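The values are calculated or read from the model by the stated rules, or taken from the named source; none is laboratory data. Bear in mind that the values here come from a model prediction, so they are computed numbers and not experimental data. Here the Cβ is made from the backbone with ideal geometry for all residues, glycine too, and neighbour counts use every protein chain on show. Side chains are part of the model used for accessible areas, which takes the heavy atoms of the whole protein and leaves out ligands, DNA and RNA. Shrake-Rupley method; radii C 1.70, N 1.55, O 1.52, S 1.80 Å.
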Amino acid sequence: MSHRRVANNDPDFINEDDFVDQQLVDEDPIDESAGAGDGGGIVAEDPPDAMPRELRVFKRAKRHHRVSFPGAMATVVGTGAHHHSGAPETNGGSVGSPDGGSASSSGGAPAVASAAAALGKNSRKSRTGLRGLPKKGGAGGKGVWGRPGSELDAVGVLDENDPNYDSDSQDTVRLQLTVPKLTMEQFEEQFTALVKEYFEHGQVKEVIQQLRDLRTNPQHRERIPYLAISASVQRNALQRELTSQLLGSLVGPAVSSEELVHGFDLLLKEVDDLTIDLPDAPDMIGKFIARAIADDLLPPKFVATYKGRVDSGHTMKALAKAENLLTMTHSMYCLDKVWGVSGHGLARPTKHLVKKMKLLLDEFLSSNDVDEAARCVKELEAPHFHHELVYQAVVMVIERSTMEVCQRVCRLIAALSESVLLTVDQLEKGLRRVYADIPDIQLDVPNAYLLLERFCQHAGHVGFLSARLQQEMPTKGRKRFVSEGDGGLVKPRLPLV
């Protein structure tokens, strides 16, 4: 029969309430009326059913003690054996063990007391000896909604009565690639913008790639010749040459030959509408058709198939222009430069422009047609090189040495200045070039200084030559003018005849 020591002055006294769970503590009353035992303590006899319950308490304490304090295991085992064996114990005695051994109760009390303090119910240390993971995977806490991306794993509202319930989200969703179809109006708008960008950079491969991305159909591709040519006829020769090269490059990678033929058929049907905005449209379309036949884009019999089947006068004019270009001598070579720009390169040499300007001035002096000369100057598409036109015109006045040529050239330059085809800086640059080269021109024309002076006087009278530019005109002085007996007279101005 085991006894429990409750002496207040016993140094080996162990309070079980400090290290066991409060729910498992046996709170049986202790009879303090018993006599004092050895050592002055009060000993009370346990009830008969206290032994199993106390044993369960010590087993639970032993499990906690084994996890947190492995080194003090022997002390806990010895203490548990003391309560289980029922051997009598005194103040300085030993504790009996089930196998007949003994263990010192005074040496195990401090270790058990420390274990009880560590495993108290209010202790912040984990009773399992393991560190727990933070809440919500580290995304918990005040002001935090959760781990980033956790909203993708959230389950939708399944209650039909919930205001947030979405019936579509509960069904199985299948994603399918859908390509929107282009309408004809959308295609015309996008392709026209694409052609305008092509006129700026001139990269055919980029146009082909973007045209593939549009996912066009045959009806869209048949409109390509009409859209490209109608955008280029309103521009200069450089853009028309780029359009011819673009049509030749599109056949195969983006457009079939049949679609291109149908595109030119549609173009001929729209000639009347293009002529309303551009009177020269039939001639330009005829050049495009002839160039396409020379580049093997259209069959050679394309023009012949329309004979006798066309009622529109503008369409007949375009076909006649194409037939004339195809039947002339060396047509294939000439059609390569039908726009004034070589098909193998867009850069025009300076000699080519100088030759064109000389032919233009010769034709003007023969016909005296200012409007035709202005149109030819505009077709050159070289506003940066108009100073050469002024230079050649003034040199031609000096070389021919007639007043009629001087008057016609002044009238032409004045008309070009009024129509802003010839800018002020180009005019001044051309005249200054003549001023700088007049000593060399005098070697061929001895009266070059005199003729230049007459031209500047007439140009100032017409109004396109400023007084400042007249003062810059070089003059040839005579060293012995006073010594020849003129008596200091000043040379008079020569009147214009």
Karplus ³J(HN,Hα) for the stretch 418-428 (6.51 cos²θ - 1.76 cosθ + 1.60, θ = phi - 60°; Hz, whole; x = Gly/Pro) runs 5, 7, 6, 6, 10, 7, 5, 5, 5, 5, 5
Reported to the nearest 10 Å², Asp362 has, with a 1.4 Å probe, an accessible area equal to 60 Å²
Measuring from its Cα centre, the stretch 350-472 shows a charge dipole (+1 at each Lys and Arg Cβ, -1 at each Asp and Glu Cβ) which, in debye to the nearest 20, is 100 debye
Checked against a 26 Å limit on the C-alpha separation, the offending pairs among Lys301/Lys351; Lys321/Lys378; Lys269/Lys321 are Lys301/Lys351
By the mean-Cβ-within-10 Å protection proxy, highest first, 247-256, 436-445 rank as 247-256, 436-445
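Which sequence of Thr329, Thr243 reflects their accessible areas, 1.4 Å probe, from the largest down? Kindly include the intermediate steps, with their values, before the conclusion.
On the way: Thr329 105, Thr243 0 Å².
Putting Thr329, Thr243 in descending order of accessible area: Thr329, Thr243.
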Spelling it out for Val255: with amide H atoms placed in the peptide plane at 1.01 Å from N, the residues 5 or more places away or on another chain with amide H under 5 Å from its amide H are none
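Let me check something: with ligands and nucleic acids excluded, how do Ile208, Ile276, Ile285 order by accessible area (1.4 Å probe), largest to smallest? Don't skip to the end; give the middle numbers.
On the way: Ile208 20, Ile276 130, Ile285 0 Å².
From most exposed to least exposed: Ile276, Ile208, Ile285.
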So, with points 7 Å from each Cα along the Cβ direction, the Ser256-Asn368 label distance in nm works out to 6.1 nm
Expressed in nanometres to one decimal, the distance between label points 7 Å along Cα→Cβ at Ser331 and Lys301 is 1.6 nm
Using alpha-carbon positions, the gyration tensor of the stretch 350-472 gives root eigenvalues a ≥ b ≥ c; with a/c under 1.5 called rounded, otherwise prolate if a/b exceeds b/c, else oblate, the class is rounded
About its Cα centre, the stretch 173-225 carries a charge dipole, from +1 on Lys and Arg Cβ atoms and -1 on Asp and Glu Cβ atoms, whose size in debye to the nearest 20 is 340 debye
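Roll a 1.4 angstrom probe over the protein heavy atoms and tell me the percent of accessible area of the stretch 184-337 that is carbon or sulfur.
Details: 3740 of 7770 Å².
The value for the stretch 184-337 is 48 percent carbon and sulfur by accessible area.
Suppose R0 equals 30 Å. What FRET efficiency, 1/(1 + (r/R0)^6) with r the Cβ-Cβ distance, do Thr183 and Met316 give to the nearest 0.05? List each step's numbers first, then the result.
Numbers: r = 34 Å, r/R0 = 1.12.
Result of the calculation: an efficiency of 0.35.
Using only the heavy atoms of the protein chains and a 1.4 Å probe, how would Lys196, Lys62 rank by accessible area, largest first?
Working: Lys196 105, Lys62 65 Å².
Solvent-accessible surface, decreasing: Lys196, Lys62.
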Simple SL model, points at 7 angstrom along Cα→Cβ for Ala139 and Ala415; separation in nm is 8.2 nm
With x for Gly and Pro, the residue-by-residue ³J(HN,Hα) of the stretch 52-59, computed from phi through the Karplus equation 6.51 cos²θ - 1.76 cosθ + 1.60 at θ = phi - 60° and given in whole Hz, is x, 5, 5, 5, 5, 5, 5, 5
SASA check, Glu188, accessible area w/ 1.4 Å probe, all protein chains in place, rounded to nearest 10 Å², comes out at 50 Å²
Magnitude of the Cβ-charge dipole (Lys and Arg +1, Asp and Glu -1) of the stretch 184-337 about the Cα centre, nearest 20 debye, reported as 400 debye
Residue separation between Arg468 and Ser401 times 0.36 nm, minus their alpha-carbon distance, gives in nm 21.6 nm
Note, the stretch 382-389: 3J(HN,Hα) by Karplus (6.51, -1.76, 1.60, θ = phi - 60°), whole Hz, Gly/Pro = x, goes 9, x, 6, 10, 5, 5, 5, 4
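Between rounded, prolate and oblate, where does the stretch 184-337 land on the alpha carbon gyration tensor, with a ≥ b ≥ c its root eigenvalues, rounded for a/c under 1.5, else prolate if a/b exceeds b/c?
Working: a/c = 1.55, a/b = 1.42, b/c = 1.09.
It comes out prolate by the Cα gyration axes.
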Expected field for Lys321, accessible surface area in Å² at 1.4 Å probe radius, rounded to 10, holds 60 Å²
